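K.L.:
This is the structure, below, for whatever I ask next.
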Amino acid sequence: MLGVVASDRGADQPLARAATRQRTLPVRPVTHDTPVANDVAGLIVAAPLDERPTLLAHLARTWRVPLLVEAPVAATTEQAQPLLDLADVDRIVAANPLRYGLHTARLVQHVGHHDDPLHTFFAAWRFRAPAVPEHALPQLLDLLGALGPGDLWRVSALERSEPAVLVATLRYASGLIGSLEVGGHLPDGFPSSSELIVECSCAERTYHCAPSAQAVSLYGPESTRTEWQPEPAEAMVRAFVDWLLGGPRPVGHVRADLAALADRQWLAQAARTGAVLTRDLT
């Protein structure tokens, strides 16, 4: 049995939808005060970002089963840190949709091999104005970390609020240089709510990843886009269910979320102060 803890705020909950579509395990709804049931093998937590830290902490202490939640587990390192103090924190799978998307997952598989090391990257995640989701930058930083650049050493960043845009240059201890852009500066008429582009230059190859390219786009008086790429939540739930049935643990951990959140706060500090910030990696 698979338990699904869904928010009652009516927010978009792709994990909850994906759980009901899988046919391997039966599904039952669970709330924060539902009595523990021995027939529930795992919980899927489909909650907005501001609800996740408290809800996860409560469920992890009450239910001694694995939990699946979308990354990041919290909005800040201060909110996420207490989760590391939980017993068996490895039970919490914090799954980044960018690590489970068809195109981005394949990018991670191909980039950074020892025979063709990564030299530079550029990543941009743009949204329709005005808002940029809180999860965007931590998820993108986690994806870039999965490409294998190593320890982040030096950052510089610029930010503006109208429209919201953050641009940053990242330098790693390995010598690799990357640049990223996250913002809400797509025009209102753009046919999708966001656009993600990641380009990686290795010693012998260059990779261009544009997940939304797997679509038919119409630009005119009314712009539309019809996409047919798989929903990442489907792969997240499938990997979680496979784990419950004896397969390997899925990708995603609270510690990885903490690292991405710390890097985001570091970039925010660089943008706020205008300083080039360097870490002591000794």
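K.L.:
Residue under question is Val73, and the condition is that it be outside the structural domain of Cys200 (by TED's automatic domain parsing), surrounded by 18 or more Cβ atoms within 10 Å (Cβ to Cβ), under 27 Å from Thr169 (Cα atoms) and out of contact with any Gly (no Cβ under 7 Å at 6 or more places or on another chain); does it hold?
P.N.:
Working: outside the structural domain of Cys200 (by TED's automatic domain parsing): yes; surrounded by 18 or more Cβ atoms within 10 Å (Cβ to Cβ): yes; under 27 Å from Thr169 (Cα atoms): yes; out of contact with any Gly (no Cβ under 7 Å at 6 or more places or on another chain): yes.
Taking the combined requirement at face value, the residue satisfies it.
K.L.:
Here's a follow-up. Taking only pairs six or more apart or across chains, which ones have beta-carbon atoms under 8 Å, a first residue in segment 159-175 that is hydroxyl-bearing (Ser, Thr, Tyr), and a second residue that is surrounded by fewer than 17 Cβ atoms within 10 Å (Cβ to Cβ) and assigned to a loop (DSSP other than H, G, I, E, B)?
P.N.:
Every condition considered, the pairs that remain are Tyr172/Gly150; Tyr172/Asp151; Ser174/Gly150; Ser174/Asp151.
K.L.:
Here's a follow-up. Quick check on segment 117-125. Is at least one of its residues modelled with pLDDT of 90 or more, in a strand (DSSP E or B), surrounded by fewer than 21 Cβ atoms within 10 Å (Cβ to Cβ) and under 19 Å from the mean Cα position of the chain (by Cα)?
P.N.:
Taking segment 117-125 and keeping what is modelled with pLDDT of 90 or more, we get 118-125.
Pick out the ones that are also in a strand (DSSP E or B) and you get 118-125.
Now narrow it down to the ones that are surrounded by fewer than 21 Cβ atoms within 10 Å (Cβ to Cβ): 119-120, 122, 124.
Next, only the ones that are under 19 Å from the mean Cα position of the chain (by Cα) stay: 122, 124.
Yes, the conditions are met somewhere in segment 117-125.
K.L.:
Here's something else I'd like to know. Assuming Leu158 fulfils every condition listed in (1) surrounded by 15 or more Cβ atoms within 10 Å (Cβ to Cβ); (2) not in a loop (DSSP other than H, G, I, E, B) apart from one, which condition is it?
P.N.:
(1)
K.L.:
Something else: Please work out which residue is farthest from Asp257 (Cα to Cα), limiting yourself to segment 11-41 and to residues that are of a type in the set (Gly, Ala, Ser) and more than 21 Å from the chain's Cα centre (by Cα). Working first, answer last.
P.N.:
Within segment 11-41, the subset of a type in the set (Gly, Ala, Ser) is 11, 16, 18-19, 37, 41.
Narrowing the set further to residues that are more than 21 Å from the chain's Cα centre (by Cα) leaves 37, 41.
Details: Ala37: 29, Ala41: 24 Å.
Here the residue is Ala37.
K.L.:
Next question, about the same structure. Under the condition of being among the hydroxyl-bearing types (Ser, Thr, Tyr) and assigned to a loop (DSSP other than H, G, I, E, B), which residue from segment 10-64 is modelled with the highest pLDDT? Walk me through how you get there before you give the answer.
P.N.:
If we filter segment 10-64 for residues that are among the hydroxyl-bearing types (Ser, Thr, Tyr), which is where we start, we get 20, 24, 31, 34, 54, 62.
Next, only the ones that are assigned to a loop (DSSP other than H, G, I, E, B) stay: 24, 31, 34.
On the way: Thr24: 91, Thr31: 87, Thr34: 88.
Step by step, filter segment 10-64, then rank; the result is Thr24.
K.L.:
Answer yes or no: is there a residue in segment 88-108 that is in a loop (DSSP other than H, G, I, E, B), farther than 22 Å from Leu196 by Cβ and not assigned by TED's automatic domain parsing to the domain that holds Glu195. Don't jump to the end; show me each part of the working.
P.N.:
Our first condition is that a residue be in a loop (DSSP other than H, G, I, E, B); within segment 88-108, this holds for 88, 96, 101.
From what's left, farther than 22 Å from Leu196 by Cβ: 88.
Narrowing further to those that are not assigned by TED's automatic domain parsing to the domain that holds Glu195: 88.
The answer is yes, given that some residue of segment 88-108 is in a loop (DSSP other than H, G, I, E, B), farther than 22 Å from Leu196 by Cβ and not assigned by TED's automatic domain parsing to the domain that holds Glu195.
K.L.:
Got a sec? Which of Arg9, Arg17, Arg106, Arg23 is surrounded by 15 or more Cβ atoms within 10 Å (Cβ to Cβ) and basic (Lys, Arg)? Steps first, answer last, please.
P.N.:
On the way: Arg9 fails: surrounded by 15 or more Cβ atoms within 10 Å (Cβ to Cβ); Arg106 fails: surrounded by 15 or more Cβ atoms within 10 Å (Cβ to Cβ); Arg23 fails: surrounded by 15 or more Cβ atoms within 10 Å (Cβ to Cβ).
Within the list Arg9, Arg17, Arg106, Arg23, the selection yields Arg17.
K.L.:
Further question on the same structure: Just checking, which of Gly189, Gly184 is within 30 Å of Thr226 (Cα to Cα), assigned to a loop (DSSP other than H, G, I, E, B) and more than 17 Å from the chain's Cα centre (by Cα)? Working first, answer last.
P.N.:
Details: Gly184 fails: assigned to a loop (DSSP other than H, G, I, E, B).
The unique qualifying residue is Gly189.
K.L.:
Run down Arg249, Arg225 and say which single residue is surrounded by fewer than 21 Cβ atoms within 10 Å (Cβ to Cβ), of a type in the set (D, E, K, R) and modelled with pLDDT of 95 or more. Lay out the reasoning, then the answer.
P.N.:
Numbers: Arg225 fails: modelled with pLDDT of 95 or more.
Exactly one residue qualifies, and that residue is Arg249.
The values are calculated or read from the model by the stated rules, or taken from the named source; none is laboratory data. Please read these numbers as outputs of a predicted model, since none were measured by experiment. Please note: Cβ atoms are built from the backbone with ideal geometry, for glycine as well, and neighbour counts cover all protein chains shown.
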